[in-house]
1. Across the chain, what fraction of all alpha-carbon pairs, as a whole percent, falls in each successive 5 Å bin from zero upward?
2. Can you give me the % of accessible surface on the chain that is carbon or sulfur? Probe 1.4 Å, all protein chains present, nothing else counted.
3. For the chain, what is the accessible area per residue in Å², given a 1.4 Å probe and the full set of protein chains?
4. As a test of the formula, what do you get for the chain when each DSSP H run with n ≥ 4 contributes -39,500 (n - 2.57) and the sum is divided by the residue count, at 222 nm and rounded to the nearest 500 deg cm²/dmol?
5. For Arg45, what is the net charge nearby, where nearby means another residue's Cβ is under 15 Å from its Cβ and Lys, Arg count +1, Asp, Glu -1?
6. For Lys37 and Glu22 in one chain, what is 0.36 nm times their gap in residues minus the Cα-Cα distance, to one decimal in nm?
7. Rank by packing, highest mean first: peptides 35-48, 14-27, with packing defined as the count of other Cβ atoms within 10 Å averaged across residues.
8. Report the relative contact order of the chain, percent, no decimals, based on alpha-carbon pairs under 8 angstrom and at least 6 residues apart.
Amino acid sequence: MDGQFLLEIMEINEKLAEAQNEAAMEEIESTVTAKQKEFTDDVSRAFEQDDFKKAKEILTKMRYFSNIEEKIKLKKIPL
């Protein structure tokens, strides 16, 4: 993983931890959804070009964002 990507993940996780209202949560969720769409398009292109190394890298990044999506869902559930 490149440092810039990991920094982005850390920043999103920090925003999520600090989110105090629905608007903040929706903003984070929107960002994550957009990134997942971008990665889905990128991984499709990588597979079409038989670039399996690139596809693996993208799928790894998608897993990080999927974990954030799960954290968002859990945070939305009232205890």
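The values are calculated or read from the model by the stated rules, or taken from the named source; none is laboratory data. Every value quoted in this text rests on a predicted model; they were computed, and no experiment measured them. Please note: Cβ atoms are built from the backbone with ideal geometry, for glycine as well, and neighbour counts cover all protein chains shown. These area figures cover heavy atoms from the full protein model, side chains too; ligands, DNA and RNA do not enter into them. Shrake-Rupley method; radii C 1.70, N 1.55, O 1.52, S 1.80 Å.
1. Spelled out per bin, shortest first, that is 3, 15, 25, 22, 15, 10, 6, 3, 1, 0.
2. Carbon-and-sulfur percentage of accessible area, whole number: 53.
3. Spelled out: the 1.4 Å probe surface of the chain, per residue, equals 73 Å².
4. Values: 3 runs with 68 residues, N = 79.
Value at 222 nm, helices only: -30000 deg cm²/dmol.
5. Once positives and negatives cancel, what remains is -2.
6. 3.2 nm
7. 35-48, 14-27
8. Relative CO of the chain lands at 31 percent.
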